[in-house]
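Please treat every number below as a calculation from the coordinates, not as lab data. What you see is a predicted model, and the numbers here were worked out from it, not measured in a lab. A quick note on method: Cβ atoms are made from the backbone with ideal geometry, for glycine too, and the neighbour counts reach across all protein chains shown.
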Amino acid sequence: MIAGLRPGSIILMHENHGQTIRALPVIFAALDRRRLRAVTVPELVSADPPSPTQLRRGLSGCPVTLTASNGG
């Protein structure tokens, strides 16, 4: 997950898992190193909305990188 961080990345986290809380310091440190900052999804979409072309193309209009996790 950390290796794929770039501007516009979205990290989905579940607040009901202890590993989420333990991962936050690592994630925030990685953001700091890359001079990025955490924002909410509404803030992200407001700051960088999809283009009309991306909207017309639907899911194929935006590149997506998926990261698998075994939960531990």
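Within 10 Å of each candidate Cβ there may be at most 10 other Cβ atoms; applying that plus a DSSP loop requirement, which trypsin sites (Lys or Arg not before Pro) in region 17-49 survive?
On the way: sites: R22, R33, R34, R35, R37; in loops: R34, R35, R37.
The qualifying sites are R35, R37.
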Margin query: Can you give the log10 of the normalised intensity I(q)/I(0) at q = 0.13, 0.25, 0.28, 0.31 Å⁻¹, computed with Debye over equal Cα scatterers of region 4-58?
Written below: -0.43, -1.07, -1.18, -1.27
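Which FRET efficiency, nearest 0.05, do M13 and Q54 yield, Cβ-Cβ r, R0 25 Å?
Details: r = 25 Å, r/R0 = 0.98.
With R0 = 25 Å, the Cβ-Cβ based efficiency is 0.50.
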